[in-house]
Structures are given as structure tokens and as C-alpha cells.
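Reviewing the structure listed below.
Just so you know, all these numbers are worked out from the coordinates, no wet-lab data involved. Just so it is clear, the model here is predicted, and its values are computed rather than measured. Reconstructed Cβ throughout: ideal geometry from the backbone, glycine too, with neighbour counts over all protein chains shown.
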Amino acid sequence: MARPRSFDERAVLRTARDQFWSTGYAGTKIDDIAAATGLGKGSLYGAFGDKHALYVRVFDDYCTEATEATRRALEGPDESAYQRLRDHVIAIAEDTAADTDRRGCLIAKTTAECAQHDEAIAARSQRAFRDLHDQLTGCIAAAQRAGDVAGGHDPAALANLLLAVNRGIEALGKGGSSPAELHAIAETALAVLPVNA
């Protein structure tokens, strides 16, 4: 009979995620994860599989958390949809500016490092970006129904624009753009939307 685990799985996964986030997939050794979590390599392998399986697990968890947080930020009544959309884009800029360690978004970081050569990561990245796009599309459509964003414009196309802007803000922040520059990008993107006066 297998012994029950004597560690907090969620805490181990968070610690592993932070290690991967700081040093990347290629730059992280399983010994680094073992040292950070305090678990032996055998315990890690037994609980989560090899390094790749552990990485896919923490990446999947991160994608789920990120898309759920965005859904919560953007869902709501039509009457306040534009304000939620505006708050979301500004929050991306503010959160990026506050990331003084310049770790950036783990979705973007992982996609850039691994998706070209890793089908599991590529598929999970695509699903995360599709979810984010769908959430933005829904919020823009709600703002159109409320009359705050002009109808006659494809909400999915506008969502693509904002998704690209959000990801770009994160990349520029990681590259060292100032908080003022990041905020200006967010404001400019919002000004481009066909908002009814």
C-alpha cells in the first residue's frame, strides 16, 4: 500500500513554478527544484514525473489561474463592461510596471522559450490565448450592447488588438520600459477603440 504524501502538493507546485519562472525551463535542473522545495528527487519524480511533466503541470496550473482571473475581471453586466475592459488593460500595465524583478508573464515566457519545440506547451499556450481572446471578445460585445463601444466593429478583431497590446505591454515591461511608457501604451490602445462619446 502506498504511503500518503507528507508534503503540501500545492505548495510544492507553487515553489516549482517560481523556480521555473525565475530561471526558465532550460535553465532549471531538477536539483534546483529539489533544493527549492526541500524534497528529494525521488519524491519529486514519484509525485510529478520527470522535469518536463512537472513543468507542463505548473504551466497548466498557471494558465488556468491567469485565464480565470481575467474571466473574473471581465465578466459582469453590460452597463459596466467598458469600465471593466478599461480597468483590465490599465491593470496589465500597472502590474507589469510593478514587476521590478522583470519576470514577465509565465505564459509569454514559456511560449517564447518552449512552444516551438514542445507540442504540449504549444497546445496549452494556444488554449490560454484563445481563452483570453474569448473573454475580451465577450466583454467588448457587452460594451457594444450597452452602447459604449460602437457597433459595426467585429468584437473578435478588437479583442485580438487588445490581446496583442496586453502581451506587448508585458514584453516591453520585461525589457525595461518605464511605468509611464507602459501606461501610455495602455491608454493609447484604449483610445483606438471605437468608443461612443
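Here are the numbers for this structure:
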item	result
Segment T188-D60, extension gain: residue separation times 0.36 nm, minus the distance between their alpha carbons	42.9 nm
Modelled label reach - A73, point 7 Å along Cα→Cβ, the range 136-169 residues with backbone N closer than 18 Å	136-143, 158-169
Cα centroid separation - the range 13-38 against the range 147-163, whole Å	39
Computed lengthening from F7 to R130, 0.36 nm per intervening residue step minus Cα-Cα distance	40.8 nm
Convex hull of Cα atoms in the chain, direction-averaged projection (nm²)	13.0
Dipole axis of the chain (+1 Lys, Arg; -1 Asp, Glu on Cβ), positive-most option in T15, S125, Q83	T15
About the Cα centre, charge dipole magnitude for the chain (Lys/Arg +1, Asp/Glu -1 at Cβ), debye	580
Proximal lysines relative to K109, as straight alpha-carbon distance under 19 Å, when same-chain residues fewer than 8 apart are discounted	K29, K51, K174
Cα-based reach from K41 at 15 Å (exclusive), listing aspartates and glutamates while leaving out same-chain residues under 8 positions away	E9, D31, D32, D50
With eigenvalues of the C-alpha gyration tensor scaled by 5 and rooted, the range 7-49, Å	16, 11, 8
Tilt relative to the chain, helix 51-74 - C-alpha long axis, 0 to 90 degrees, to 10	30
Using θ = phi - 60° and Karplus 6.51 cos²θ - 1.76 cosθ + 1.60, couplings along the range 32-40 (whole Hz; Gly, Pro as x)	5, 5, 4, 5, 5, 8, x, 9, x
